[in-house]
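These notes are about the structure you will find just below.
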Amino acid sequence: MSFRPETALVAPESGSQFSFPFPPYDIQLDLMRSLYTVVERGQVGIFESPTGTGKSLTLTCGVLSWLRDHEALVERELAERIEALRGEIGRLERETAGAVDWISGQFETIGIKKQLGELRGVKDLRDEYYKRLDELREKRVEFKKRFRKKTAENLLESDGKVDVENGNDDFLVEESDDDQDVAAEEEDRLRYQPVQVIFCSRTHSQLSQVVNEVRRTEFGKQIRLTMIASRQNLCINQEVRKLKSNTLVNERCLEMQKNSGKATCKDEDGNVSKKRKVGSSAQKCPFYNREAIEELKNNSLFEVQDIEELVSFAKQEKACPYYASRAAVGDTQLLMVPYQNLLHRKTREQTGLDIKNAVIIIDEAHNLLDTISSIHSQEVSLECLQQARLQLTAYKKQYFQRFSTKNLLKINQLLFIATRLCKMLEVAPGTDSRMIQTHELMTEGDFFNLNLQEIVQFAEKSRIAQKVHGFAQSVPQSVLLAGEKKRPAPQENKSVALKSFLKQLEKVAADKGKKKPAEREADESENQNPEVKREPVVNAIRPLLAFIESLAESFDDGRVLLTYNGTDPKRASMKYLLLNPGARFGDILSSCRSIILAGGTMHPIDELTEQLFKDCAERVQIRSYRHVVPADAVLPLAIGKGPSGKELLFNYANRQNKEQLNELTSVLANLCQVVPHGIVCFFASYDYLDQFYATIQTNGRLDRIAERKRVFREPRGTTNVDSILAEYAQAARRAGALMLSVVGGKLSEGLNFADELGRCVVVVGLPYPNRTSPELAERMRYLDRTLKPPAGNEYYENLCMKAVNQCIGRAVRHIRDYASVVLLDARYGTSERIRKKLPVWISDGLQCTERYGQAHGSLVKFFKGKANHDAINK
């Protein structure tokens with residue numbers, strides 16, 4: 001229950017009224033005032049503020065100032081309206097006393113008394129809510145006293161190395177209790193719900209940066225802030241943390257909350273090694289202590305903490321930080337969440353997020369459409385489906401006599417769907433892939449008459465995925481295999497399967513012949529005791545359920561891509577593709593009070609408004625701000641011709657063109673002569689980067705470039721990225737360095753190439769994605785059909801330009817920074833449509849040069865002036 005004031009708030013005029021920690025720039029003040037007004041009016045705000053303009057600090061100060069003023073207004077207006085209604089009732093009672101038409105007066109009085117009763121109910125709930133918060137603050141004081149007394153030696157007494165596997169009864173699905181859901185809904189209805197701010201960003205590190213910005217303000221001393229993260233980020237049980245995947249961590253955590261059974265020791269992959277009976281003390285994770293979790297929650301509510309600090313407190317108190325943070329959600333004013341926890345409905349509900357009347361800020365929102373589509377797209381492989389079928393069959397056989405009729409029906413339906421999907425992938429149609437609509441998949445799979453929503457609800461309430469996985473882990477592999485009847489291989493795969501089987505027999509025989517007698521005896525002993533070592537049992541039910549849940553959504557905005565693999569049939573897969581992200585975003589838009597989308601490079605913006613806010617265009621407010629740096633601190637250049645006068649056109653047809661590669665080599669060599677310190681050059685793909693690097697190695701130009709700047713290359717993998725970046729930074733600050741990177745790679749988004757690390761950013765060509773991709777082609781067709789042409793081509797071009805804009809945003813990171821941005825391709829100069837999709841602070845000053853010499857002269861003049869400026873400042 002909440003209260004919405006009738007009085008409208010007016011945005012403050014000065015930075016101090018926003019509790020901004022220092023005098024704001026003009027664009028910062030304007031952004032805070034605009035955001036304040038958008039939230040007050042319940043609108044949608046799209047704000048583009050370049051990196052380096054203090055965007056995170058500005059957003060938080062703006063929205064928290066509104067929250068502060070709003071809560072004060074609620075308290076004041078609630079009291080005033082109650083007092084006014086009391087006075088109105090008294091006046092009517094006096095006027096109707098002894099009046100002839102007293103019935104009309106009484107009727108009016110009854111209506112006002114009803115309003116008064118409702119407002120009193122809201123006030124009582126509000127008073128109770130804040131009274132409880134005061135009690136929590138007092139408990140937190142006691143918590144801090146105990147915390148200081150504890151020594152570093154007792155940080156961790158137990159690592160939770162004993163793990164619980166329940167008896168067979170715990171794997172049996174039970175009847176769901178719908179009355180509990182109704183009671184929970186009624187409890188929520190009777191609880192006071194103040195406005196909550198939900199700040200959403202892509203990664204936990206980005207959210208931690210925002211938390212640090214909040215600390216710098218006055219709000220850091222009083223705001224109730226909570227960070228939501230995954231188990232993998234928050235778990236302090238060392239035995240669970242060793243597991244190699246997030247899925248294993250989640251399953252292990254849920255398994256350790258069971259009540260009774262045997263202790264199972266497992267290795268890092270989740271393999272069962274041995275079992276032993278244990279007492280009740282070993283039945284749960286030692287950190288899943290409700291009293292300790294409650295105390296940890298109370299402490300985290302009243303002290304701004306990032307993930308590392310929350311984990312540190314949790315280790316001291318031996319309390320689970322994952323469940324403590326979720327317990328704090330309802331009492332939090334500022335909630336920090338990753339994309340998944342907000343944008344995916346099921347994950348949002350599991351986290352406990354109530355978005356009704358909330359203010360939602362989505363930072364780094366330039367890829368929001370693709371993020372929503374990606375989160376709701378689900379892929380399942382043939383191997384996974386076969387495992388799901390195997391586990392469900394054995395599970396059904398084990399508990400067949402004990403299932404209720406209702407549960408048996410749903411399990412049979414789930415097993416039927418898994419079997420039919422397997423059949424669709426096991427028989428290849430003679431093509432690599434095919435795209436079909438959702439209803440076509442269900443018709444071809446012969447399960448179009450099943451209610452998928454009911455199956456999903458059954459799975460959620462019965463927790464069948466966890467129970468089947470626990471059962472599959474607890475029994476020998478032979479039990480699982482015994483539950484599966486022998487299925488004939490598809491006709492076209494029989495010969496392949498026979499050859500593969502014969503090869504395996506030959507290999508086993510050869511390996512056995514090479515082994516010594518002792519080794520053969522050990523192998524035979526291991527085969528006789530399958531519990532000693534076995535392959536980890538994956539949870540195949542969860543991917544199946546996620547795929548079914550996707551199919552249960554609207555049929556019109558989804559497609560299914562079936563991909564086949566002739567050499568390895570098990571790698572065949574089917575993927576659900578969400579083509580209409582606006583449909584999934586609609587429930588957020590209709591529930592919350594206001595939505596703020598913010599980013600350093602939000603252009604192009606039109607596709608956001610068309611796909612997400614088409615039905616509420618009147619609510620949308622757009623603000624694009626220039627950079628805080630002076631206009632002469634950035635030199636944007638579009639170069640269409642190389643030093644020899646040849647046109648630069650880095651399209652796919654020219655990828656193998658040696659003249660283009662030679663021109664590119666000459667341009668980069670000249671830039672290395674002029675630009676001081678670091679240059680970051682972005683290529684359209686790793687293949688083209690490798691091709692360019694091989695060319696300059698062969699023709700000797702690499703050595704000439706290295707005389708001026710040390711050359712680095714972005715690796716395809718993630719293992720050496722940090723070390724390469726550290727070496728590049730050191731070289732750039734000294735003699736100079738050239739970093740060869742990839743658009744959309746690990747260095748093109750989220751990294752900071754400030755000052756000497758990025759005095760020049762070069763983008764080679766226009767990085768259009770592969771138009772022949774089945775997924776991209778289907779999205780373009782869908783947009784053309786729903787929004788009319790050329791919506792598909794517009795989307796295709798926007799993917800390219802958003803990637804370019806992210807590369808541009810790596811440089812000029814603060815008000816005293818400066819850099820040049822060089823766009824190498826004739827199309828930047830000849831296409832006005834492309835230039836309009838660049839950030840405002842780039843497009844307004846972009847110099848489109850006809851000859852390379854003009855661009856080179858501008859660069860010499862620019863960096864000479866900056867060198868003189870730096871010398872004077874020193």
In whole Å, what three semi-axes, largest first, describe the equivalent ellipsoid of the range 363-421 built from its Cα gyration tensor (square root of 5 times each eigenvalue)?
-> 35, 14, 9
What is the percent of Cα-Cα separations in the range 593-716 that go past 21 Å?
-> 59
Sorted list, accessible surface of protein heavy atoms, 1.4 Å probe, largest first, for Thr96, Thr567 is Thr567, Thr96
Label Asp606 and Arg716 with points 7 Å out from Cα along Cα→Cβ: what is the distance between them in nm?
-> 3.8
Mind checking the dipole of the range 336-391: about its Cα centre, +1 per Lys or Arg Cβ, -1 per Asp or Glu Cβ, Debye to the nearest 20?
-> 280
For Asp784 the rounded accessible area (nearest 10 Å², probe 1.4 Å, non-protein molecules ignored) is 50
Long-range HN-HN contacts of Gly45 with modeled amide H, under 5 Å | Ile595, Ile596, Leu597, Gln621
Dividing the mean separation of Cα pairs under 8 Å (6+ apart) by the residue count of the range 335-423 yields a relative contact order in percent of 27
Rounded accessible area of Thr371 (nearest 10 Å², 1.4 Å probe) = 30
Mean Cβ-within-10 Å packing, highest first, puts peptides 558-566, 292-300 in the order 292-300, 558-566
Nearest-0.05 FRET efficiency for Glu88 and Arg137, computed from C-beta distance (R0 56 Å) = 0.90
With each pseudo-label sitting 7 Å past Cα toward Cβ, what's the Gln730-Ser591 distance in nm, one decimal?
-> 5.0
For Glu13 and Glu108 in the same chain, what is the full-extension length gain: residue separation times 0.36 nm, less their Cα-Cα distance, in nm?
-> 29.9 nm
What number, in percent, do you get for the relative contact order of the range 1-129 if the mean sequence gap of Cα pairs under 8 Å and at least 6 apart is divided by its residue count?
-> 25
Nearest-10 value in Å² for the accessible area of Val141, using the 1.4 Å probe = 80
Using amide H atoms built 1.01 Å from N in the peptide plane, name the residues 5+ places from Leu846, or on other chains, whose amide H lies under 5 Å from its own.
-> none
Quick one: compute the contact order of the range 622-773, relative version, from alpha carbon pairs under 8 angstrom and 6+ residues apart, as a percent.
-> 31
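The values are calculated or read from the model by the stated rules, or taken from the named source; none is laboratory data. All values derive from a computational prediction rather than experimental measurement. Positions of Cβ are generated from backbone atoms using ideal geometry, with glycine treated the same way; all protein chains shown enter the neighbour counts. For accessibility, only protein heavy atoms count, side chains too; no ligands or nucleic acids. Shrake-Rupley method; radii C 1.70, N 1.55, O 1.52, S 1.80 Å.
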